[in-house]
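Since the structure comes first, as structure tokens, the remarks are kept for the end.
The values are calculated or read from the model by the stated rules, or taken from the named source; none is laboratory data. Worth saying up front: this structure is predicted, and the values here are computed from it rather than measured. Cβ placement follows ideal geometry from the backbone for every residue including glycine, while neighbour counts extend to all protein chains displayed. Accessible surface areas use protein heavy atoms only, side chains included; no ligands, DNA or RNA. Shrake-Rupley method; radii C 1.70, N 1.55, O 1.52, S 1.80 Å.
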Amino acid sequence: MLDGMDKFGLTEDQKLMRDSLGKMIGRLLPPDVALRMDEAREFPEEAYQALARAGYMGLLYPEENGGLGASMEDFTFFIETVAYHNTQLASAYLTSVLYGGRHVQVAGTPELRDEILPGVIDGTRKMAFCLTEPDTGSDAASIKTRARADGDDFIIHGHKMFITCAHVADQLIVVTKTDPDSGHRGITMFVVDAKAAGVSITPMKTLGRRTIHANTVTFDSVRVPAYRMLGTTNGGWGQLMLGLNLERICLSASAVGNMQRIVDYASGYARERVQFGHPVSSYQAVAHKLVDMQIMTDAGRGLTYRAARLLDADADCSQASAVAKIFTTEKNVQCADMGMQVMGGAGYSMDHLMQMFWRDSRVGPIGGGTNEILRNVIGKRMGLM
């Protein structure tokens, strides 16, 4: 249960979702198991499949595609709840469902949707999203991975890196250049089998989120049938832009869930840890840190759900989603650092979850569009740039 979340305003479905997810993830990923899997860099397969069996992989998709057609607010609540219990599991979920399957659902042909989405929904098919390259991150229009037409196929050649969950993926969404000289107007996206000839995937060692891995992915003259193109030739930029607000809101929800877990975890430790004859939580210096952490969490939650409601209303949420992503991911890092300070040496110890929370939080301001780029987005909308 999310101890710090006010139940006011939750629907009955959301309350049931929160309770069922808490019991399920708590059973499959208790602290000792989460720490062991993080140390071993082991994908949380059992918990992932449990989400699939419970039907949660279909939340985002419309009913005509076999999904549940949930609102953005419900989906946001789901991501926050999963991230509260295990932020790496939330990221693994988003990688397949949002960064992978969502592109197929929006831009794939009916045949491609019928081929891929049922497996995503039932958990038998995992996906990963290949955009970032060694020399291109925020400047996505400058990617160098090429796709050239060859009869009824395309041949892909290039190199991607920092690709989450590619090592367990069955299919890859690959962002390529089909017109190298046209910037963002020359981008085309494909669905590529992860085990296709010419595809090689190598896990990277990163500071945090070690159960889901970042990976390098190399495409050495990989042949892909033209029907596995998403959308139209050179039309990929618009497809990328369509998902940005949704992605930012989900990243914000994940950060909020992790922040609330940090608050609850550090507060529980502070109430039990006795120094000079009193629980350390009774000392104002500690109590005020925990209070400030809860304030940051509550503020981030408000910003996140405001953006989700705007998206549900088909209103312009570009600025709201950017604001939420910047605030929540940066406060997540700050909250984790404060939680580490509250717990002292215990927080720094690998025997406690706090060090993992701290390591996992740091990618937030980097991934999904750096917060520096998002500040540019807001600045332009404010007429400053």
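Annotation: for a label point projected 7 angstrom from Cα along Cα→Cβ of Ser282, residues of region 250-271 with backbone N closer than 19 Å are 267-271. No solvent, one uniform scatterer per C-alpha: report log10 I(q)/I(0) for region 335-385 via the Debye equation at q = 0.15, 0.19, 0.29, 0.31 1/Å, two decimals. Values returned for q = 0.15, 0.19, 0.29, 0.31 Å⁻¹ are -0.54, -0.65, -0.97, -1.03.
Applying a DSSP loop filter and a limit of 15 other Cβ atoms within 10 Å to the chymotrypsin sites (Phe, Trp or Tyr not before Pro) in region 252-317 leaves Phe276, Tyr283. Pairwise alpha-carbon distances in region 108-191 exceed 16 Å for 58% of all pairs.
For a test of the definition: using alpha carbon positions, the gyration tensor, and the 1.5 limit on a/c, classify region 56-105 as rounded, prolate or oblate. Verdict is oblate for region 56-105.
Of the accessible area of the chain, computed with a 1.4 Å probe over protein heavy atoms only, carbon and sulfur atoms account for 53 percent.
Which of rounded, prolate or oblate describes region 24-96 when judged by the alpha-carbon gyration tensor and an a/c cut-off of 1.5? Verdict is prolate for region 24-96. Using 0.36 nm per residue and subtracting the Cα-Cα separation, the extra length available between Arg185 and Arg273 on full extension is 25.8 nm.
Percentage of Cα-Cα pair distances in the chain greater than 29 Å, rounded to whole percent? Of the Cα pairs, 42 percent sit more than 29 Å apart. Listed by chain and number, the lysines placed with their C-alpha closer than 30 angstrom to that of Lys160 are Lys126, Lys144, Lys177, Lys195, Lys205, Lys325, Lys331, Lys380; residues fewer than eight positions away on the same chain are left out. Where in region 187-209 does the label zone of Thr109 land, with the point 7 angstrom along Cα→C-beta and an amide N cut-off under 16 Å? From region 187-209, the list is 189-193.
Per residue, the solvent-accessible area of the chain (1.4 Å probe, heavy atoms of protein chains only, all protein chains present) comes to 43 Å². Estimated from helical segments only, the mean residue ellipticity of the chain at 222 nm is -16000 deg cm²/dmol, where each DSSP H run of four or more residues counts as -39500 (n - 2.57). The HN-Hα couplings worked out from phi for region 247-258 by the Karplus form 6.51 cos²θ - 1.76 cosθ + 1.60 (θ = phi - 60°) are 4, 5, 5, 5, 5, 5, 4, 5, 5, 5, x, 5 Hz, whole numbers, x standing for Gly and Pro. For region 244-385, the square roots of the Cα gyration tensor eigenvalues, ordered a ≥ b ≥ c, give a/c of at least 1.5 with a/b greater than b/c, which places it in the prolate category. Note on region 159-268: Cα-Cα pairs beyond 20 Å make up 56% of the total pair count. Out of all DSSP beta bridges with both ends in the chain, state the antiparallel percent to the nearest 5. If I count the DSSP bridges inside the chain, around 85 percent turn out antiparallel. The rule of thumb for compact globular proteins, 2.2 N^0.38 Å, goes into the C-alpha radius of gyration of region 47-181 1.12 times. Note on the chain: GNM, Cα springs under 10 Å; of Pro118, Pro134, Pro44, the largest mean-square fluctuation is that of Pro134.
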